1. Within the stretch 6-63, track down each residue that is modelled with pLDDT under 75 and of a type in the set (Val, Ile, Thr).
2. Yes or no: residue 128 within 13 Å of the chain's Cα centre (by Cα), among the β-branched types (Val, Ile, Thr) and either surrounded by fewer than 19 Cβ atoms within 10 Å (Cβ to Cβ) or at pLDDT 90 or above (or both)?
3. Picking from 86, 78, 96, which residue would you name as being buried (at least 20 other Cβ atoms within 10 Å of the Cβ) and modelled with pLDDT of 90 or more?
4. Being surrounded by fewer than 16 Cβ atoms within 10 Å (Cβ to Cβ) and either touching a His at 6+ places or on another chain (Cβ under 6 Å) or in a strand (DSSP E or B) (or both) is the filter here; which residues of the stretch 13-33 pass it?
5. Out of everything in the stretch 1-11 that is in contact with a helix residue (DSSP H, G or I) (Cβ under 9 Å, 6 or more places away or on another chain) and outside any loop (DSSP other than H, G, I, E, B), what residue ends up being surrounded by the most Cβ atoms within 10 Å (Cβ to Cβ)?
6. Within the stretch 99-119, take every residue that is touching a Phe, Trp or Tyr at 6+ places or on another chain (Cβ under 8 Å) and within 16 Å of residue 135 (Cα to Cα) and give me the one that is surrounded by the fewest Cβ atoms within 10 Å (Cβ to Cβ).
Amino acid sequence: MATYKVKANDKEYTVEVVDDASGGATVTVEGESFAVAPLSARAPAVQPKPAPVAAPAAAAAPAPKPAPQQQAAPAGSGSIVAPIPGVVTAILAKVGDQVSAGDIVLKLEAMKMENEIAAPVSGTVKEVAVSEGNDVADGQLLMVIG
């Protein structure tokens, strides 16, 4: 499960994304759940809609599988990969820091929205693979927690 704080139409939302075995996911926005699935191997980015609840769900839809040169992190892994292409705006944890599952460790700006990237597991930050200001690709390794 990944938890993101997103901003749409000047309102902040908490979005939880749980991947399922079929390649889709369940996206929960402010307590309302949506089952989502990609329409193709690489779904196009979805622009936020004016409706307050629909916009964050579309913006936080799970990213398609990483590009072939990237390997997806195994379930339960401490590897954090970019869920969407964007720019790293803040790194909130450094190598050696202790973090808990769900702690916000990095902020990524994509489609003019700030996405808070949470630690998938508790542990020690082993590697920070990016720097603030870096452009990152979908599926690119951001951080490793072990």
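1. Within the stretch 6-63, 46, 53 meet the criteria.
2. Working: within 13 Å of the chain's Cα centre (by Cα): no; among the β-branched types (Val, Ile, Thr): yes; either surrounded by fewer than 19 Cβ atoms within 10 Å (Cβ to Cβ) or at pLDDT 90 or above (or both): yes.
Taking the combined requirement at face value, the residue does not satisfy it.
3. On the way: 78 fails: modelled with pLDDT of 90 or more; 96 fails: buried (at least 20 other Cβ atoms within 10 Å of the Cβ).
Every option except 86 fails the conditions.
4. Taking the stretch 13-33 as the starting set, the residues that turn out to be surrounded by fewer than 16 Cβ atoms within 10 Å (Cβ to Cβ) are 14, 18-24, 26, 30-33.
Within the stretch 13-33, 14, 18, 19, 26, 32, 33 qualify.
5. Per the stated criteria, the residue is 8.
6. Taking the stretch 99-119 as the starting set, the residues that turn out to be touching a Phe, Trp or Tyr at 6+ places or on another chain (Cβ under 8 Å) are 115-118.
In the following step, the residues that additionally are within 16 Å of residue 135 (Cα to Cα) were identified as 115-117.
Working: 115: 25, 116: 20, 117: 24.
Among those that are touching a Phe, Trp or Tyr at 6+ places or on another chain (Cβ under 8 Å) and within 16 Å of residue 135 (Cα to Cα), it is 116.
The values are calculated or read from the model by the stated rules, or taken from the named source; none is laboratory data. Because the structure is a prediction, the values reported are computed rather than measured. No Cβ is skipped: glycine too gets one built from the backbone with ideal geometry, and neighbour counts run over all protein chains shown.
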